[in-house]
Amino acid sequence: MSAYDCVTAARANDRPTSIDYITRIFGDSFFELHGDRRFADDKAVVGGIAQLNGKPVTVIGLEKGRNLKERMNRNFGSAHPEGYRKALRLMKQAEKFRRPVICFVDTAGAYCGIGAEERGQGQAIAENLMEMMTLQTPILSIFIGEGGSGGALALAVSDEIWMLENAIYSVISPEGCASILWKDSSKTAEASECLKLTSQDLFKLGVIERIIREPKDVDSKLFDSLKNLIAETLDKKMAIEPDKLVEARYNRFRKY
Amino acid sequence: MNTKDIFNFLKPKNELENQGEFAENHPYIPEELWIKCPVCKNVILSSDLMDNHKVCPKCNYHFRIAARQRIEMTVDEGTFVEMDEHMTSTNIIDFPDYTRKLKNAKINSGENESVITGTAKIGGNTTVIAVMNSQFMMGSMGTVTGEKITRAFEYATKHRLPVIIFTVSGGARMQEGILSLMQMAKTSGAVKLHSDAGLLYITVLTDPTTGGVTASFAMEGDIILSEPHALIGFAGPRVIEQTIRQKLPKDFQSAEFLLEKGFVDAVVERKDMKQTLSRLLELHSETIIEEDGETKEGEEK
């Protein structure tokens with residue numbers, strides 16, 4: 001598969017979204033929490049509390065929506081500042097009650113618009129990066145589709161980052177890169193190669209810890225095996241002293 | 001000399017190539033006699049401009065200035081000691097044309113990277129200072145930029161010093177792929193540890209500050225200052241216009257706009273910057289516990 005094939009697959013409309021993962025992994029135990037307590041409830045971010053093998057966890061996902069109506073409602077998964085602030089609020093809550101955080105990342109990027117700028121898109125992302133770095137509870141981020149730049153990173157200053165085989169994670173969209181580099185946004189395929197945005201590339205660069213294989217029939221085993229893997233990993237992370245965990249997280253990002 | 005030729009320096013070819021969206025109509029101060037203000041279009045005698053902190057005497061437009069000049073006009077004379085001055089980027093992900101662009105950036109700016117870091121005194125107060133340089137690939141943040149800033153914070157945390165950063169940046173450096181994005185997390189982590197140690201961090205946003213720098217250390221200061229009229233935002237204006245398919249209002253994303261929206265503490269003119277920083281440092285000078293257990297007030301003067 002070429003890098004551009006991955007980009008196409010990562011963006012495919014029939015790809016499971018965060019809500020699919022939440023439903024299939026946590027079932028009825030998921031209780032959704034809304035709002036950033038400051039401005040609004042951003043529907044591009046879904047968050048709440050759930051149980052994993054009987055233990056409480058905080059789950060946050062960037063949600064693109066599963067059909068056109070949902071996608072419009074969720075702004076195609078591009079969050080405003082209030083979305084990142086809602087995510088941070090839920091993470092702080094998780095820290096308070098010492099439960100781990102699981103983030104599902106799937107976004108073309110943080111929204112670029114008038115309201116987003118007026119309400120401090122840059123400041124909201126920056127605050128998440130700072131606060132997540134020393135959050136005294138484990139954070140696991142799983143890239144399930146698109147990982148668009150700062151808008152993805154704002155949910156990915158984590159102890160481990162996993163990526164679905166065909167997910168992508170990039171500093172800029174291949175279109176944006178092509179239009180800056182060659183003044184030609186149609187050279188997306190070339191730009192995709194240059195950016196090293198596939199799970200394989202990122203694993204080699206040491207940016208992610210694990211690649212999750214995607215079976216042909218997604219429904220078959222993916223969610224069950226992922227659930228076990230998450231539970232196993234979080235059990236290990238929860239056994240680590242918070243100070244040590246934070247130190248390891250700092251060093252994880254310090255090495256780049 | 002043909003009058004037309006006088007303005008040729010306004011658009012040096014190599015610079016434009018490196019700076020994309022933010023390069024237009026923002027000339028650096030060249031050595032020539034006359035310069036045209038890009039805002040009010042008045043032609044100003046170059047020496048008048050220099051005497052006025054490189055601010056247009058007619059309309060108060062703050063010309064972009066190189067990092068070295070900024071340091072010179074901000075810190076006490078002869079107190080700047082540079083850190084990590086030899087660190088420089090390589091083409092880590094083998095990105096097309098990056099090696100050549102880096103070389104050009106070095107020639108254009110006379111610097112090794114898009115940020116200069118070091119220690120200095122401002123009004124007698126010792127501080128760590130980092131100044132970004134728009135002449136180096138529009139101040140874009142690559143791994144070395146992030147590393148130098150991170151080291152500056154770690155040094156400041158270790159020696160219990162404040163940090164002042166003058167930002168100017170088009171954002172993360174695309175040519176270093178995901179590793180440039182990781183600098184946002186790395187620098188933010190270093191800011192957090194410095195902050196948790198109870199130390200002061202002041203950012204001064206200058207024109208333009210956007211993208212990954214806005215979404216990391218630029219917006220993480222305890223106190224955020226800005227130069228007048230600086231463009232500050234997450235997304236660049238052209239990207240927003242393309243997304244929403246409408247023209248942006250005038251002065252949208254200006255320093256004054258951010259002040260009104262509550263994201264900047266104060267807009268400070270260049271001529272007042274040194275004194276303002278000195279005053280803020282003074283207000284935060286801490287009681288230092290000496291190694292022998294004795295305490296003394298403030299920084300050494």
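Bear in mind that the values in this text are calculations on the coordinates, not laboratory data. A quick note: this is a predicted structure, and the numbers were derived from the prediction, not measured. Note: ideal-geometry Cβ built from the backbone for every residue, glycine included; neighbour counts use all protein chains shown.
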Over all directions, the average projected area of the alpha-carbon convex hull for the stretch A:3-247 comes to how many nm²?
12.9 nm²
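Work through the residues other than A:G120 whose Cβ is under 11 Å from its Cβ and net out their charges, Lys, Arg +1 and Asp, Glu -1. Don't jump to the answer; show the numbers that get you there.
On the way: positive: A:R38, A:R85, A:R119, B:K261; negative: A:E82, A:E117, A:E118, A:E127.
Neighbour charge sum, excluding A:G120 itself: 0.
Need one number for the protein assembly as shown: average projected area of the convex hull over its C-alpha atoms, nm². If you can, show how the numbers build up before the last one.
Details: hull surface 105.7 nm².
Across all orientations, the protein assembly as shown yields a mean hull projection of 26.4 nm².
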Averaged over peptide B:231-237, how many Cβ atoms belonging to another chain are found within 10 Å of each residue's Cβ?
5
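Which value, in debye to the nearest 20, gives the size of the charge dipole of the stretch B:64-296 about its Cα centre, when Lys and Arg are +1 and Asp and Glu are -1 at the Cβ?
Numbers: 25 positive and 31 negative charges, 199 e Å.
Charge dipole of the stretch B:64-296: 960 debye, to the nearest 20.
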Is there a simple number for the mean count of other chain Cβ atoms within 10 Å of the Cβ of residues in B:272-284, and what is it?
0
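Counting each DSSP H run of 4 or more residues in chain A as -39500 (n - 2.57), what helix-only mean residue ellipticity at 222 nm follows after dividing by all residues, to the nearest 500 deg cm²/dmol? All intermediate terms of the calculation are to be shown ahead of the outcome.
On the way: 12 runs with 115 residues, N = 256.
Taking each H run of at least 4 residues, the total per residue is -13000 deg cm²/dmol.
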Can you compute the FRET efficiency between B:E269 and A:E232 using 1/(1 + (r/R0)^6), with r the Cβ-Cβ distance and R0 = 41 Å? Round to the nearest 0.05.
0.10
Partners for B:K121 among lysines (Cα-Cα distance below 21 Å; same-chain residues under 8 apart left out):
B:K148, B:K158, B:K271, B:K274, B:K296, B:K301
Mind telling me which of A:E82, A:E165, A:E118 comes out most flexible in a GNM of chain A, alpha-carbon contacts under 10 Å?
A:E118
For the stretch A:13-85, diffusion coefficient by Stokes-Einstein and Kirkwood Rh (Cα), 37 °C, 0.692 mPa s, µm²/s
260 µm²/s
Work through the residues other than B:M87 whose Cβ is under 15 Å from its Cβ and net out their charges, Lys, Arg +1 and Asp, Glu -1.
-3
State the Cα centre-to-centre distance between the stretch A:208-243 and the stretch B:61-79 in whole Å.
51 Å
Please name whichever of B:S140, B:C59, A:I172 sits farthest to the positive end of the charge dipole of the protein assembly as shown, dipole taken about the Cα centre and charges placed at Cβ: Lys and Arg +1, Asp and Glu -1.
A:I172
Euclidean distance of C-alpha centroids, the stretch A:143-205 and the stretch A:1-70, integer Å
19 Å
Under a straight-distance cross-link criterion of Cα-Cα below 28 Å, which lysines are reachable from A:K55, leaving out those fewer than 8 residues away in the same chain?
A:K43, A:K64, A:K86, A:K92, A:K96, A:K221, A:K227, A:K236, A:K237, A:K244
Protection proxy (average C-beta count within 10 Å per residue), highest first, orders B:144-157, B:74-87, B:98-111, A:61-74 as B:144-157, A:61-74, B:98-111, B:74-87
